[in-house]
Amino acid sequence: MYNVPFLDLPPLQSAAGTVRLPGSKSISNRVLLLAGLSEGTTVVHDLLDSDDTQVMLKALRVLGCRLEREGEALHVTGLGGRLATKTAKLFLGNAGTAMRPLTAALALLAATQGGDFELSGVARMHERPIGDLVDALRQLGCAVDCLGNEGYPPLRLHASGQALRAAQPIRVRGDVSSQFLTALLLALPLVAQAGDIDVEVQGDLISKPYVEITLNLLARFGIVVRREGWQRFTIPRGAAYRSPGHIHVEGDASSASYFIALGAIAADTTPVRIEGVGTDSIQGDIRFVEAAQAMGAQVASGPGWIEVKRGRWPLKAITLDCNHIPDAAMTLAVMALFASGTTRLTNIASWRVKETDRIAAMAIELRKLGAGVVEGEDFIEVTPAAALRPASIHTYDDHRIAMCFSLAAFKGVPVRILDPKCVGKTFPDYFEALFDLVRTPVESVPVLTVDGPTASGKGTLASAVAQALGYHFLDSGAVYRATALSAMRIGVAADDEASLARIAATLPLHFVGGDAHLGSENVADALRAEDVGAMASKVSAWGAVREALRQLQLSFRRIPGLVADGRDMGTVIFPGADLKVFLTASAATRAERRYKQLISKGIPANISTLRADLEARDARDQNRSVSPLKPAQDALLLDNSALTVEASMEQVLTAWEQRRPFG
Ligand code: DC
């Protein structure tokens, strides 16, 4: 996951390859709750691991469920409908799929078995309405207190001292969120011992496919709900949760929408293949496929897979009632940027009560890119501009905004996604998955170089900058050191240019989580040895060696960007870099830093010898005929003798920001 303040996507060009989707959020949290209420153990396969499921798992653990990981599977031992813990405070983040059903289940359990529970979440959760569910639970005789504003969390659920009135139909509104009905259906079997329980929906039920998921999963847990249309649902008398033993969570169909759109926009030769969800899906958002096809996508699919290619181009603008695909429909609003004409998405009032007011948020952010947007209470209209503007996209702690706007980078502009870690709600590795599939000309991938003499602190600075930007990192010194180490091991001398070049050309060097490996051996420590550094300085003076290592270094320039440190990053390897930093420090300061480094590792050292070595190495690096160490003409010169790493970083990041097009 990218845990950075912002992630800049370069302009992207094409896409191909396979993505395996993480599990569905809606299915995961429903399954967890049902398993938590059941008797016995349920083995859950392919569960989504994200913020929203973590919240549910934590709540279940607090309530006394046993949760054990075994390989990929999670074993959930449920409560069998009996409260093990009678008082608890549960923090549920911004997870509607945890807040609503837990409210219903704990209200019923507290009412029938005694108990006192407090449910709260992040500030936004306290702005998301839950009044319709509270009303339904109060009709039943549950004691539900709204601790802040009436009709909103945080809530207190406690014993009411009165018997439940489950014999009369429970009325619940269905036109604000279908999650209130889902919450009741999931929880009411807890109190169905005495007789049938009827639920009547008031108003037109929205997002029906999510209720279908609920009914489908209840059936898997032994509860067959009868229904008359979408107006009346009956939990049969004697209904009891029965664990299905094993249950498999299918891939998230809403998450699939970004990759379906990706195929439609950018898979112009080979398709994007999506695995984990397909024609057999129980999720309503699978019907996003039809909407994408209407806009021009070419789709093939089967059980558990979908393949998408670009068909009609530019895409076709559509007008669509999106009530059946409320979440995935956000992706259509971004696809509209690639269509000719105006796309109109209607019947999306529920967007206003989601993670953020999604209609307002989409309108603001689409306009930043230059699109024409008209918004209404329950619709949005998007008219693309011929050319977009680079934009910094605010994501409102809403995973779907971050994910769908990443696709705008295919319209020839860089796009900055603020707070990209918000995708953690449903798809923590979304950007990694996206970057695996997309291609762009190498010149579009931004590069920041940090060159300088040995022990100037360039490695520390460059890797910190790479981390702050979420970019790849190339320590080019390691490439020369690895060549030197390999040569030393087989006894090749520092003056044997031809043999050294052969070693360099076939160097089995790769990086694993930041550590250098030669073949299967982790050589991170071996490369730092002083004699290896000295040999590297000699080895690197040969033109044939430098040439042999050039391609390897260039290959580090990958989406989303690169920070490279060394001697000639800005002058020879990446002369077109977007920012070149030349980092220096006085010889005295550098000798002292190296001294402290060695001593802290328990390696004996002498400051004046170190300083002499340093100066000899500087002289060699600066005076060699090929790629000598020198600042690029347009380099930012930074002497960090008196600066902390943080202060140097700030200077570099400020200079970087000035060269970015996000204003
Ligand atoms: O940065 P370092 O100390 O790990 O580099 C080891 C040697 O490699 C250095 O003395 C010179 C050489 N080098 C180079 O010539 N060009 C680079 N881009 C990086 C390192």
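Remark: segment 219-230, residue by residue, has Karplus-estimated 3J(HN,Hα) of 4, 4, 9, x, 10, 9, 7, 8, 9, 10, x, 10 Hz, where x stands for each Gly or Pro and the curve is 6.51 cos²θ - 1.76 cosθ + 1.60 at θ = phi - 60°.
For segment 377-536, with all protein chains present and a 1.4 Å probe, just round the carbon and sulfur fraction of the accessible area to a whole percent. Could you put the intermediate results ahead of the total?
Details: 2990 of 5670 Å².
Carbon-and-sulfur percentage of accessible area, whole number: 53.
Would you mind checking the tilt of helix 253-266 against the longest principal axis of the Cα atoms of the chain, expressed as 0 to 90 degrees and rounded to 10? Relative to the chain, helix 253-266 is tipped by roughly 50 degrees. For the chain, the relative contact order is 13 percent, taking Cα pairs closer than 8 Å that sit 6 or more residues apart in sequence and dividing their mean separation by the residue count.
What percent does the relative contact order of segment 505-630 come to when contacts are Cα pairs within less than 8 Å and at least six residues apart? It would help to have the intermediate numbers written out before the result.
Details: 87 pairs, mean separation 28.8, N = 126.
For segment 505-630, the relative contact order is 23 percent.
By the gyration tensor of its Cα atoms, with a ≥ b ≥ c the square roots of the eigenvalues, what is the shape of segment 288-390: rounded for a/c under 1.5, prolate for a/b over b/c, or oblate? Oblate, since a/c reaches 1.5 and b/c is not below a/b.
Using only alpha carbons, build the gyration tensor for segment 507-662 and give me the equivalent ellipsoid semi-axes, biggest first, whole Å.
Working: eigenvalues 124, 96, 63 Å².
Working through the eigenvalues yields semi-axes of 25, 22, 18 Å.
Quick one: which of LYS538/LYS596; LYS411/LYS630; LYS458/LYS596; LYS208/LYS354; LYS58/LYS421; LYS421/LYS630 span more than 27 angstrom between C-alpha atoms?
Working: LYS538/LYS596 25 Å; LYS411/LYS630 38 Å; LYS458/LYS596 16 Å; LYS208/LYS354 16 Å; LYS58/LYS421 20 Å; LYS421/LYS630 38 Å.
Checking Cα-Cα distances, LYS411/LYS630; LYS421/LYS630 exceed 27 Å.
Phi angles of segment 275-290 translate, via the Karplus equation with coefficients 6.51, -1.76, 1.60 and θ = phi - 60°, into HN-Hα couplings of 10, x, 8, x, 5, 8, 5, 9, 8, x, 5, 4, 6, 4, 3, 5 Hz per residue; Gly and Pro are given as x. Label-to-label distance for ASN3 and ALA386 is 4.6 nm, based on points extended 7 Å past Cα in the beta-carbon direction. The string of couplings for segment 539-554 from the Karplus curve (6.51, -1.76, 1.60, θ = phi - 60°) is 4, 6, 6, 7, x, 5, 5, 4, 5, 5, 9, 5, 4, 4, 5, 4 Hz, one whole number per residue in order, with x for Gly and Pro. With respect to the chain, whose longest principal axis is taken over its alpha-carbon atoms, helix 25-37 is tilted by about 60°.
Rounding to the nearest 20 debye, state how big the charge dipole of the chain is about its Cα centre with +1 on each Lys and Arg Cβ and -1 on each Asp and Glu Cβ. Could the numbers behind the result be given before it?
Working: 68 positive and 71 negative charges, 29 e Å.
Value, rounded to 20: 140 debye.
The amide H of ALA143, built 1.01 Å from its N in the peptide plane, has HIS158, SER160 as neighbours under 5 Å, considering only residues 5 or more places off or on other chains. Accessible surface area normalised per residue over the chain is 38 Å², counting heavy atoms of protein chains with a 1.4 Å rolling probe. In the chain, a dipole from Cβ-located charges (positive for Lys and Arg, negative for Asp and Glu) runs towards its positive end, and of PHE574, VAL438, LEU184 it is LEU184 whose Cα lies farthest in that direction. Where does helix 587-600 land angle-wise versus the long Cα axis of the chain, in degrees 0 to 90, nearest 10? Once rounded, one gets 60 degrees.
Between ASP196 and ARG237, the built amide H atoms are under 5 Å apart, and every one of these is 5 or more places off in sequence or on another chain.
What Kirkwood Rh does segment 47-131 have if only Cα atoms enter the pairwise 1/r average? Answer in Å. Mind showing how you got there, number by number?
Numbers: mean 1/r = 0.0735 Å⁻¹.
Taking every pair of different Cα atoms in segment 47-131, averaging 1/r and inverting gives 13.6 Å.
Within 10 Å, at most 11 other Cβ atoms, and a DSSP state outside H, G, I, E, B define an exposed site. Report the longest part of the chain free of exposed trypsin sites (Lys or Arg not before Pro). No qualifying site falls inside 238-600, the longest such stretch.
Kirkwood hydrodynamic radius for the chain: how many Å is it when counted over pairs of different Cα atoms? Before the final figure, lay out each step's value.
Working: mean 1/r = 0.0360 Å⁻¹.
So the Kirkwood estimate lands at 27.8 Å.
For segment 479-521, the equivalent ellipsoid derived from the Cα gyration tensor has semi-axes of 20, 9, 8 Å, listed largest first. List the longest stretch of the chain that has no exposed loop site; here a site is one of the GluC sites (Glu not before Pro) assigned by DSSP to anything other than H, G, I, E or B, with at most 16 other Cβ within 10 Å. With GluC sites (Glu not before Pro) excluded where exposed in loops, the chain gives 378-663 as its longest stretch. Under 5 Å between amide hydrogens, built in the peptide plane, is the criterion, and for THR319 it picks out ARG344 among residues at least 5 positions away or on other chains.
What size of dipole, in debye to the nearest 20, comes out for segment 200-318 about its Cα centre when the only charges are +1 on Lys and Arg C-beta atoms and -1 on Asp and Glu C-beta atoms? Could you put the intermediate results ahead of the total?
On the way: 13 positive and 12 negative charges, 42 e Å.
Computed about the Cα centre, the dipole is about 200 debye.
The values are calculated or read from the model by the stated rules, or taken from the named source; none is laboratory data. None of the values given here were measured: they were computed from a predicted structure. No Cβ is skipped: glycine too gets one built from the backbone with ideal geometry, and neighbour counts run over all protein chains shown. Areas reflect the complete protein model, heavy atoms only, side chains present, ligands, DNA and RNA absent. Shrake-Rupley method; radii C 1.70, N 1.55, O 1.52, S 1.80 Å.
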